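The values are calculated or read from the model by the stated rules, or taken from the named source; none is laboratory data. Given the structure is predicted, the values throughout are model-derived calculations rather than measurements. We place every Cβ from the backbone using ideal geometry, glycine too, and count neighbours over all the protein chains shown.
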Amino acid sequence: MASVCRFHLGLSCVNLANQKLNIVHVPSAQLTSASSLRHRDVSDAGHAGECSSPGDVPTGSAREAGSYSRMKDSLTLLTRVSAHPDSRCWFVAWNPTGTLLASCGGDRIIRIWGKDDASWVCKSVLGEGHQRTVRKVAWSPCGNYLASASFDATTCIWMKKKEEFECVTTLEGHENEVKSVAWAPSGNLLATCSRDKSVWVWEVDEEEEYECVSVLNSHTQDVKHVVWHPNQELLASASYDDTVKLYREEEDDWVCSGTLEGHTSTVWSLAFDQNGERLATCSDDKTVRIWKQQGAAEEKG
């Protein structure tokens with residue numbers, strides 16, 4: 001029966017605003033038990049090339065494995081669409097209500113999919129915004145806006161108007177390919193990251209104008225992914241430099257408030273859980289790491 005290995009890795013336990021992120025590292029073999037941990041085990045999925053979201057293939061106790069098996073048995077393929085037939089399809093994202101699905105690809109196009117009776121059909125084609133591959137799309141929390149990040153070094157903001165979408169703003173400033181874009185839970189902040197090694201934080205005002213409020217140059221290599229904490233204005237980024245950086249606003253300025261170290265190769269993707277207590281990261285080193293946030297009381301205990 002597989003269980004979880006838990007240990008500290010020197011500087012990878014980073015104090016952050018009186019809280020600490022502990023690492024739970026799950027290698028592919030030689031695991032030892034830690035009954036106090038309350039999370040799903042994750043195995044070495046043999047990452048090759050650019051990885052998808054972490055935790056795609058859960059393993060663990062016999063009961064967990066049985067649940068996963070039943071879940072697989074209950075899943076049914078609803079439809080298969082030729083979303084981007086002439087290029088790679090890079091990313092998909094559901095809107096907050098789950099009624100629309102956005103896809104993007106190497107054809108420089110974004111497609112919006114919706115259900116029509118029993119079929120999923122293309123509702124809109126957004127093809128006028130970008131000049132190169134669209135790498136990532138992200139819906140705003142209200143679902144009325146879609147942000148798209150492109151290898152043309154820009155990020156487009158699309159506004160939903162009934163059944164159509166209009167590009168209302170193009171965010172410029174990155175010197176190279178924009179790899180990821182993410183909205184803060186409030187919808188008032190947007191983060192982008194790029195091959196130029198930087199993370200930008202954008203603020204949206206009441207007139208829906210976008211202003212860059214911070215350029216963060218904490219990474220030493222290409223930044224692959226950004227994600228916001230679900231309940232706080234805490235931002236995390238993953239990079240080709242094998243690290244994860246954490247950012248907070250302090251005295252009207254955004255700063256790097258922590259570095260998570262331990263991966264030995266590119267960190268491709270990262271995701272907070274629903275409550276924001278754990279952060280999962282996946283890497284080209286073929287491991288997934290789960291970082292747990294601890295309060296002061298836990299730390300003293």
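Table for the structure above
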read-out	value
Identity of the residue in the stretch 82-126, polar (S, T, N, Q) and within 22 Å of Glu177 (Cα to Cα), that ends up surrounded by the fewest Cβ atoms within 10 Å (Cβ to Cβ)	Ser87
Any chance Trp120 is of a type in the set (Phe, Trp, Tyr) and modelled with pLDDT of 95 or more	no
Lone qualifier among Leu260, Leu270, Leu279, Leu246 - being within 15 Å of Leu216 (Cα to Cα), of a type outside the set (Lys, Arg) and crowded, with 16+ Cβ neighbours inside 10 Å	Leu246
Residue match in the stretch 202-222 (condition: crowded, with 20+ Cβ neighbours inside 10 Å, free of Cβ contacts under 8 Å to residues at least 24 places away in the same chain and closer than 19 Å to Ser180 by Cβ)	yes
Number of positions in the stretch 149-169 that are hydroxyl-bearing (Ser, Thr, Tyr) and farther than 20 Å from Gly106 by Cα	1
Given (1) among the polar types (S, T, N, Q); (2) touching a Cys at 6+ places or on another chain (Cβ under 8 Å); (3) farther than 22 Å from Glu249 by Cα, number of the condition Thr155 does not satisfy	(2)
Residue under evaluation Lys162, criteria (1) among the basic types (Lys, Arg); (2) farther than 25 Å from Lys224 by Cα; (3) surrounded by 14 or more Cβ atoms within 10 Å (Cβ to Cβ), criterion not met	(3)
From the options Lys179, Lys161, residue that is within 22 Å of Gly129 (Cβ to Cβ) and free of Cβ contacts under 8 Å to residues at least 24 places away in the same chain	Lys161
Ala271, sole failed condition from (1) in a strand (DSSP E or B); (2) touching a helix residue (DSSP H, G or I) at 6+ places or on another chain (Cβ under 9 Å)	(2)
Residues that are assigned to a strand (DSSP E or B) and within 15 Å of Arg88 (Cα to Cα), drawn from the stretch 124-135	Val134, Arg135
Unique residue being under 14 Å from Thr192 (Cβ atoms) and part of a loop (DSSP other than H, G, I, E, B) when the list is Ala138, Ala153, Ala149	Ala153
Residue check for Asp73: surrounded by fewer than 16 Cβ atoms within 10 Å (Cβ to Cβ) and over 19 Å from Met159 (Cα atoms)	yes
